[in-house]
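Colleague: Pasting in a structure now, in structure tokens, and then I'll have a few things to ask.
Laboratory data are not the source of any read-out in this text; all were calculated from the coordinates shown. Remember, it's a predicted structure, so these values are computed and weren't measured experimentally. Neighbour counts run over all protein chains shown; Cβ positions are idealised from the backbone, glycine included.
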Amino acid sequence: MKGIGGFYAENASCPHGLGGRLVLSLMSMLHRPFWRWALRSLPAASSILDIGGGSGGTLRILGSRFPQASLTLIDPSPVSISAAGRNRRIRAVQGRCEALPFDDESFDLIILLDSVYYIDITIAFPEVLRVLKPGGMVVVGFEATDPDAVPRWAADNGVVVRRPEDIAKEMEGAGIDVHLVERGQRAWARIVGVRRMC
Ligand SMILES: C[S@@+](CC[C@H](N)C(=O)[O-])C[C@H]1O[C@@H](n2cnc3c(N)ncnc32)[C@H](O)[C@@H]1O
């Protein structure tokens, strides 16, 4: 039997159907304090990409902070795309982080909040680097719980929890300079990286 944990994990990894809409709404409420923590003190940005952005709540926060910025969201789930696309300011694109359908050097801020568990980071970070402008910033935020204690219902739905330091090393390997690795309340973690100017 799938259980509540399995239902949640399945729809968090790729929201689908009515359950997906429900889980997206839940995440929009429950993740808000984490979003605010992970997105605090960022420099002004003019072109922002949210990878695995779900219903677009994070982009709404950044959009009100930076009223002139263009807002793009990418997510493989059609349910996420239709929820995020309801905001006329957000360009919602269906796709995956491992093959970003954007030109080189398109964005000056890229965020991945609570989506890194589902992503093949060895393929994804070179893609993130490619679409990031020189000097642009990447913010990765997630719950850094014990990688060896991922519940079965989460692991069965593709959740891979990595240590922040291991993700930072992968970012550095891709050519993203890591400026900050920090932890907040609960198991919150945030990694901030910048693409070298040359
Ligand atoms: C837990 S939700 C997080 C949504 C939102 N960022 C938030 O903080 O509430 C994870 C999202 O990542 C998306 N996702 C899963 N695999 C992905 C991939 N390979 N590339 C981009 N997004 C992915 C899922 O469809 C889902 O919308």
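Colleague: Once you order the gyration tensor axes a ≥ b ≥ c over the Cα atoms, which shape class does the range 35-188 get: rounded for a/c under 1.5, otherwise prolate or oblate by comparing a/b with b/c? Mind showing how you got there, number by number?
Modeller: On the way: a/c = 1.44, a/b = 1.26, b/c = 1.14.
In terms of gyration-tensor shape, rounded.
Colleague: Students often check this: by mean Cβ neighbours within 10 Å, which of 57-65, 21-29 ranks highest, and how do the rest follow?
Modeller: On the way: 57-65: 18.3, 21-29: 16.6.
Ranked from most to least packed, the peptides come out as 57-65, 21-29.
Colleague: While we're on this one: From the backbone phi of the range 118-130, what are the Karplus-calculated ³J(HN,Hα) couplings (6.51 cos²θ - 1.76 cosθ + 1.60, θ = phi - 60°) in whole Hz, Gly and Pro given as x?
Modeller: 9, 10, 7, 5, 5, 7, 6, 5, x, 5, 4, 4, 4
Colleague: If you take every DSSP beta bridge fully contained in the chain, what fraction is antiparallel? Give it as a percent rounded to 5. Mind showing how you got there, number by number?
Modeller: Numbers: 14 of 33 bridges.
In the chain, DSSP labels about 40 percent of beta bridges as antiparallel.
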